[in-house]
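In what follows, a structure is listed as structure tokens, so that the remarks can point back to it.
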Amino acid sequence: MKLSLVQMGSIAGDVPANLTKHVETTCRAVDLGAEVVVFPELSLTGYEPTLASRLAAQLNDPRFDRLQTLSDFHSIVICTGMPLAVDDGIAIGMLLFQPGTPRLAYSKQLLHADEYPYFVPGNAMIQIQKGGHNLAPAICFESLQPEHAESAASSGADVYLASVAKSPIGVDKAYCH
């Protein structure tokens, strides 16, 4: 299984422009043979906590149908970041597009202290299957907490997909401009 872990700069609050970048990047990853494409935390809006309540989407928002179409056509998994409207507030979400399967969403369970004014934590680990592997998503801060990875492993995951907001110093300048 070939994974593509994307590091890119998003345009703050501009979902249509970021969605276009996601489609273009996914097509490039497909051309390179990727079977799973993972974007950064809140990649569709940029990591903008103060804008999250205004930008939050529902799981089946039709704006993201293009990503589902790419997933279906190329038989790939696409993982994108988006604030999600949930019953008790706004969650830091990861939308998971799988071929021929309804969309799933994972909500970040372990928030960093500065995220609590804007987001609510998720309450469930999920897994998806691809290429004979069980993949468990993780979002940024929680991927640094051993108990999160241990929980994923104990529930059968053999691949831990960490989506992170901040890229290493110089990555954007070296590769994205």
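The values are calculated or read from the model by the stated rules, or taken from the named source; none is laboratory data. On a predicted model such as this, the values are computed, not experimentally measured, just so you know. Positions of Cβ are generated from backbone atoms using ideal geometry, with glycine treated the same way; all protein chains shown enter the neighbour counts. Areas reflect the complete protein model, heavy atoms only, side chains present, ligands, DNA and RNA absent. Shrake-Rupley method; radii C 1.70, N 1.55, O 1.52, S 1.80 Å.
Placing +1 on the Cβ of each Lys and Arg and -1 on the Cβ of each Asp and Glu in the chain, which of 96, 117, 148 has its Cα farthest towards the positive end of the resulting dipole?
So the residue furthest toward the plus end is 96.
Dipole of segment 20-115, Cα-centred, from +1 at each Lys and Arg C-beta and -1 at each Asp and Glu C-beta, to the nearest 20 debye? Mind showing how you got there, number by number?
Working: 7 positive and 12 negative charges, 40 e Å.
In total the dipole reaches around 200 debye.
On the protein heavy atoms, probe 1.4 angstrom, tell me the percent of accessible surface of segment 40-146 carried by carbon and sulfur.
Ligands and nucleic acids excluded, carbon and sulfur reach 55 percent.
Among 17, 57, 149, determine the one that fluctuates most according to a GNM of the chain built with springs between C-alpha atoms less than 10 Å apart.
Top of the fluctuation ranking is 17.
Give the dimensionless ratio obtained when the Cα radius of gyration of the chain is divided by 2.2 N^0.38 Å.
In units of the 2.2 N^0.38 Å rule of thumb, it is 0.96.
Treating only the Cβ atoms of Lys and Arg (+1) and Asp and Glu (-1) as charged, compute the dipole magnitude of the chain about its Cα centre; round to the nearest 20 debye.
In total the dipole reaches around 400 debye.
Could you do me a favour and compute the accessible area per residue for the chain, 1.4 Å probe, result in Å²?
I get 49 Å² per residue for this part.
Along the charge dipole of the chain, pointing to its positive end and built from +1/-1 on Cβ of Lys, Arg, Asp and Glu, which listed residue (20, 58, 126) has its Cα farthest out?
20
What is the spin-label model distance, in nm, from residue 75 to residue 63 if the labels are put 7 Å beyond Cα along the C-beta direction?
Once both label points are built, they end up 3.2 nm from each other.
At what distance in nm do the modelled label points of residue 158 and residue 112 sit from each other, each positioned 7 Å from its Cα along Cα→Cβ?
That separation, rounded to one decimal, is 3.3 nm.
Which value in deg cm²/dmol, rounded to the nearest 500, describes the helix-derived mean residue ellipticity at 222 nm for the chain, given -39,500 (n - 2.57) per DSSP H run of n ≥ 4 and division by the residue count?
-7000 deg cm²/dmol
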